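The values are calculated or read from the model by the stated rules, or taken from the named source; none is laboratory data. Computed from a predicted structure; not experimentally measured. Glycine also receives a Cβ, built like all others from the backbone with ideal geometry; neighbour counts cover every protein chain displayed. We work out accessible area using only protein heavy atoms, side chains counted, and drop any ligands, DNA or RNA first. Shrake-Rupley method; radii C 1.70, N 1.55, O 1.52, S 1.80 Å.
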Amino acid sequence: MTEAILLVGGQGTRLRPLTSHIPKPLLPVAGVPFLTHQLARAAEAGVTRIVFATSYLADLFEEEFGDGSRLGLHLEYVSEETALGTGGAIRNAAARLRSAPDEPVLVFNGDIISGVDIAALRDGHRASGADVTLHLKRVADPRAFGLVPTDADGRVEAFLEKPQTPEEITTDQINAGCYVFTRSVIDRIPPGRAVSVERETFPQLLASGAHVRGVVDDGYWLDLGTPAAFVQGSADLVRGRIASPALPGPVGDALVLPGARVHPRALLSGGTVVAAGAVVAEGAVVEGSVVMTGAHIAARASVHASVVGRHASIGEGSVLNAVVVGDGAEVTEGNELPPGLRIACGARLPAHGIRTSASPVTCTAQGIAHSGVPHASPAAH
Ligand code: GTP
């Protein structure tokens, strides 16, 4: 299995405002665009060619990864004018595959960090003669996921999307967003229209008697779709809880990237990342957080499990816990922000309150532009 299709066309709505101008798979996680970790793992498993199925902010992927030679990969990009859904995207990208009809092709979601053994998935797929093999993960609370019960031989029995009632929760095995398809199965997905692989393709395969296999792997797995998962995934990579060949530094309690300035009396812990050009001043405490390029954390500020966007600033003594601060936003001194708050790009929080005035700053894919155009104000979630 030397070819893969990577699904990266989603809008990443649950991570807004971070994804307003950067697609989720390109957000920096443990110091590099998130996808770099998964691309490096696919390369380790023997994948040499990957077709990116893009849609939202499509051009930014090629700008970031180019032809892939930096990663020892050959990358191709296919863009959907209107999003085709997961199955439609796989079918659309298949036009660029070179694999023969009976060869296995890896397909994976671009928003997962996972330690699954890709080579073992491929080998099991081949040996079993399956049409599709799915990586399954056991989770404590499966309500937000698609459930995939299997029989004693690992054959998938059903696909149950997002169960609502206790009776519907018949298994703790969920679809982990990584598949091996026999190429000819991809070619049978209807072309040119939106298709959900989870809701349409997989159930239809089962109904037609196809051999759909599930492999439970209980290694590290995280869907980086929410702010809490995003900071956790970054911190886990920095602390080595999940190994990545793409980590740009030694495993440790914090990762300070070249060009960042951290005062000797600031305290970084919990897998915090401080990106290039960012500043953490004296007495500041930053724990389990992502501080992006050019951000500024002033003296004695306290930042926990939060994301501080590019060129955002946190004022002296302010306290943030589980907060997302959009690019270019300003939290002035002495603010104590409630968990779950999201601050829009370029917004300004005046001292001691979350009443806001729009700021003449707007975010672009490249960074912060001083445009004079008022931007959105903060939204609490
Ligand atoms: P949310 O909007 O926060 O739910 O995130 P998302 O847009 O990433 O959606 P979701 O987590 O359901 O998507 C799973 C994977 O499929 C992600 O890697 C998406 O990028 C990708 N994806 C979802 N829909 C499409 C699509 O229409 N086209 C392509 N090419 N990829 C898609």
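By its C-alpha gyration tensor, with a ≥ b ≥ c as the square roots of the eigenvalues, how is region 75-118 shaped: rounded for a/c under 1.5, else prolate for a/b larger than b/c, else oblate? Note, shape of region 75-118 comes out oblate.
Accessible area per residue for the chain, computed on protein heavy atoms with a 1.4 Å probe, is 41 Å².
Shown here: region 3-223, whose C-alpha atoms stretch 45, 40, 33 Å along the first, second and third principal axes, sorted largest to smallest.
Once you've got the GNM for the chain with C-alpha springs shorter than 10 Å, pick whichever of GLY177, GLY87, GLY283 has the biggest mean-square fluctuation. Per the Cα network of the chain with a 10 Å cutoff, GLY283 tops the list. Rounded to the nearest 0.05, the FRET efficiency derived from the C-beta distance between ALA152 and ASP123 at R0 = 25 Å is 0.80.
Only helices enter this figure: runs of n ≥ 4 DSSP H residues, each worth -39500 (n - 2.57), summed and divided by the residues of the chain, yield -4500 deg cm²/dmol at 222 nm to the nearest 500. Among rounded, prolate and oblate, which fits region 267-346 when a ≥ b ≥ c are the square roots of the eigenvalues of its C-alpha gyration tensor, a/c under 1.5 means rounded, and a/b larger than b/c means prolate? It comes out rounded by the Cα gyration axes. When each full DSSP H helix of the chain is screened for a Cα extent of at least 27 Å along its own axis and an average Kyte-Doolittle hydropathy of at least 1.6, none passes. Only Lys, Arg, Asp and Glu carry charge here, each on its Cβ (+1 for the first two, -1 for the last two); on that basis region 251-349 has a dipole of about 140 debye about its Cα centre. Quick one: plug the Kirkwood hydrodynamic radius of the chain (C-alpha pairs) into Stokes-Einstein at 20 °C, 1.002 mPa s, and report D in µm²/s. D = 99 µm²/s.
Here the contact order of region 3-223, divided by its residue count and restricted to Cα pairs under 8 Å and six or more residues apart, works out to 24 percent. Within the accessible surface of the chain, defined with a 1.4 Å probe on protein heavy atoms only, the carbon and sulfur portion equals 51 percent. For region 39-103, with the dipole built from +1 on Lys and Arg beta-carbon atoms and -1 on Asp and Glu ones, taken about the Cα centre, which of ALA83, ALA58, LEU97 lies farthest toward the positive end? Of ALA83, ALA58, LEU97, it is LEU97. Given the whole protein assembly as supplied and a 1.4 Å probe, what does the accessible area of MET292 come to in Å², nearest 10? Roughly 0 Å² of MET292 is accessible to a 1.4 Å probe. The local environment of VAL238, defined by Cβ-Cβ distances under 13 Å, has a net charge of -1 under the rule Lys, Arg +1 and Asp, Glu -1. Which one, LEU247, ILE297, THR2, projects farthest toward the positive side of the charge dipole computed for the chain from Cβ point charges (K/R +1, D/E -1)? Going by the charge dipole, the pick is ILE297.
Largest mean-square fluctuation among THR82, THR133, THR182, in a Gaussian network model of the chain whose springs join Cα atoms under 10 Å apart, belongs to THR82.
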